[in-house]
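The values are calculated or read from the model by the stated rules, or taken from the named source; none is laboratory data. Small disclaimer: the values here were computed from a predicted structure and weren't measured. Neighbour counts are summed over all protein chains in view; Cβ atoms, including those assigned to glycine, are modelled from backbone coordinates with ideal geometry.
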Protein chains: 2
Amino acid sequence: MPSEFTLIRRHFTPGTRHTALAGGDDCALIAPRAGRELAITTDMLAEGTHFLPGADPEALGHKTLAVNLSDLAAMGAEPRWAFLALALPDADESWVAAFARGFLSLAGRFDVDLAGGDTTRGPRNLCVTAIGEVAPGRALRRSAARLGDDIYLSGCTGEAAYGLVTYRRRVEAVEADVARCRYRLDRPMPRVALGLALAGIAHAAIDVSDGLVADLAHICEESGLGAIVQWSRVPQSSALATCSPEDRRRFVLSGGDDYELVFTASVAARREVAARAAEAETPVTRIGTMVAGECVTVLDSSGSEMTLEQAGYDHFR
Amino acid sequence: MPSEFTLIRRHFTPGTRHTALAGGDDCALIAPRAGRELAITTDMLAEGTHFLPGADPEALGHKTLAVNLSDLAAMGAEPRWAFLALALPDADESWVAAFARGFLSLAGRFDVDLAGGDTTRGPRNLCVTAIGEVAPGRALRRSAARLGDDIYLSGCTGEAAYGLVTYRRRVEAVEADVARCRYRLDRPMPRVALGLALAGIAHAAIDVSDGLVADLAHICEESGLGAIVQWSRVPQSSALATCSPEDRRRFVLSGGDDYELVFTASVAARREVAARAAEAETPVTRIGTMVAGECVTVLDSSGSEMTLEQAGYDHFR
């Protein structure tokens, strides 16, 4: 059986483009560009909690990096370096090879250096630390929303949650819709270009990992404001067309794993936001307004408050 | 039961001293000092592989950070930031509180900001990414040993390996020696001051996590050289006095987890090395010489080559 070192060397040796020293030493060495701040995020994915045993390793490699790049996108940072720590139950070479393909393919797409990591034996666990650069003062923070700001959402939400449902039970739906939702769940594409385009323009931003309402609530909490969302403005994926209205609402408002961006910007910046989003080739929709208050209210088309499912996912509840 | 967020907020909110934004956002923001390179390391500790179920959580918190700071020390970098990702099987508050005490106490000692992290449910797994600063060109690299260099070791090795043995079986030894060796195993103290003192003076360095010979072999491999170690010069801990000669040799040469530094420096730098080590209040011993070749040879007092146990620990073998 090949050793851990052999496996990792064989499958995880991409060329690094902006790393002074990667792998083969106690630390990696990087030289950030002069005057930049670094945005740093860590996400740990545990088997059984974030993915099922038997999950496609190539998709998992993609997603493990994608969720971290999504955090960088939400700060408006340019992804530069990633560090990967893996616990594996066995030295399954085909698994490692497929995982590496998924991971490195996404890294290459965003010019991210895999600069270091660690491998050990244990229940499967994937931990990535990703580092991006951002000009001082331009990072998008959850706490930066202002009273009266527009609230925007990139793309649409709910597809990933529905994708998960289709793995769990048989659904009556068009095959292409099921495939699309599963793809969203398995291979989310971080909104890196949009995040970069919005830095310095948008006020607050967050990526939608726990659900639209739950994540917008984090902006409210950190900014000391409330949010009103117009349900009629929230984009509805055609892939959810066969869901019941209740299910659709739940997936769109409370489903997680979509990795879209929710952000706020001043009303005066509407044209600029539209132009930047267009440059980034990313659809964005204005879905509501930041108001005085402390929570997220979703209004239906008659202006009545909609009841929401318990929002957000807390691993220990 | 408190939630993951509550537990982490309650026990992991130290003051951060050099972090622009820590926690509560998608990323942490840090501003490295102008002109510095960053040394970055990631270590993952899995229950059952690196520590036993039931391990003292406060010691584990210490060790989880210590092994990363040791990597920074081996590069001659100044520790600055740490990121902690945790998978926990349950929300055991007393465990989290004790773990946090151990972790934050060591972080405080070395002025390290806990700048971010992640928590999830899963088999216990602790992953730290630590970041240090180093002046360009001054990092100590495994590949930088030169022909004829002296080889030095800080402190002494073997105590941690013997400490592990005393947990596994009853030994005939003085109680204080057992306690000392267990303490070395459970609460290693990274050689940060020595690493900083050696930056720009020493050539190659590595920390002894896998065993003296195995780690020195990494320097040989990366530097394209061999090493000759004089067994009679290798420091012998008095705490191993009651071990058999075979066991003692094995613990000292092949035992892991000591987190001492092995480093090389030119013969001309002997006085400077001694002065820097004294400033860092760290004992160092000259134990051998870098030679032409590609492996580590240990000579006994008669000049004969000693036979070594299989060196180094590979989790998948």
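For region A:117-125, does any single residue satisfy the condition of being at negative phi, acidic (Asp, Glu) and free of Cβ contacts under 8 Å to residues at least 40 places away in the same chain? Yes; the residues of region A:117-125 include at least one that is at negative phi, acidic (Asp, Glu) and free of Cβ contacts under 8 Å to residues at least 40 places away in the same chain. Just to confirm my filter: which strands (runs of 3 or more DSSP E) fall fully inside region B:70-136 and include at least 3 residues that are more than 8 Å from chain A (Cβ to nearest Cβ)? Where strands (runs of 3 or more DSSP E) fall fully within region B:70-136 and carry at least 3 residues being more than 8 Å from chain A (Cβ to nearest Cβ), they are B:78-88, B:125-134. Restricting the search to strands (runs of 3 or more DSSP E) fully inside region B:200-317 and requiring at least 2 residues that are of a type outside the set (Phe, Trp, Tyr) and surrounded by fewer than 22 Cβ atoms within 10 Å (Cβ to Cβ) gives B:226-230, B:284-291, B:296-299.
Of everything in region B:23-47 that's surrounded by fewer than 16 Cβ atoms within 10 Å (Cβ to Cβ) and free of Cβ contacts under 8 Å to residues at least 60 places away in the same chain, which residue is farthest from the chain's Cα centre (by Cα)? Step by step, filter region B:23-47, then rank; the result is B:GLY24. So for region A:13-22 (the condition being in contact (Cβ under 8 Å) with a residue 12 or more places away in the chain, more than 12 Å from chain B (Cβ to nearest Cβ) and part of a helix (DSSP H, G or I)), does at least one residue qualify? So far as region A:13-22 goes, no, none of its residues is in contact (Cβ under 8 Å) with a residue 12 or more places away in the chain, more than 12 Å from chain B (Cβ to nearest Cβ) and part of a helix (DSSP H, G or I). Would you call B:PHE110 within 23 Å of B:LEU29 (Cβ to Cβ), assigned by TED's automatic domain parsing to the domain that holds B:GLY48 and touching a helix residue (DSSP H, G or I) at 6+ places or on another chain (Cβ under 8 Å)? When the stated conditions are applied, B:PHE110 passes them.
To keep it simple, each residue is scored yes or no on (1) closer than 27 Å to A:ALA46 by Cα; (2) away from chain A (no Cβ under 11 Å); (3) modelled with pLDDT under 95; (4) in contact with a Phe, Trp or Tyr (Cβ under 9 Å, 6 or more places away or on another chain).
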| residue | (1), (2), (3), (4) |
| --- | --- |
| B:LEU7 | yes, no, yes, yes |
| B:ALA31 | no, no, yes, no |
| B:GLY35 | no, no, yes, no |
| B:THR64 | yes, yes, no, yes |
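In the condition set (1) under 28 Å from B:ILE30 (Cβ atoms); (2) without any contact (Cβ under 8 Å) to a residue 60 or more places away in the chain, B:PRO89 is compliant with all but (1). Just to be sure before I move on: is A:LEU261 modelled with pLDDT under 95 and touching a Lys or Arg at 6+ places or on another chain (Cβ under 9 Å) in the structure I sent? No; evaluated as a whole, the condition is false for this residue.
Taken as a whole, the structure places B:LEU60 among residues that are more than 11 Å from chain A (Cβ to nearest Cβ), over 27 Å from A:LEU114 (Cβ atoms) and outside any strand (DSSP E or B). Whether a residue is assigned to a loop (DSSP other than H, G, I, E, B) and acidic (Asp, Glu) was assessed, and A:GLU172 passes this test. The lone criterion from (1) modelled with pLDDT of 95 or more; (2) buried (at least 18 other Cβ atoms within 10 Å of the Cβ) left unmet by B:GLY148 is number (2).
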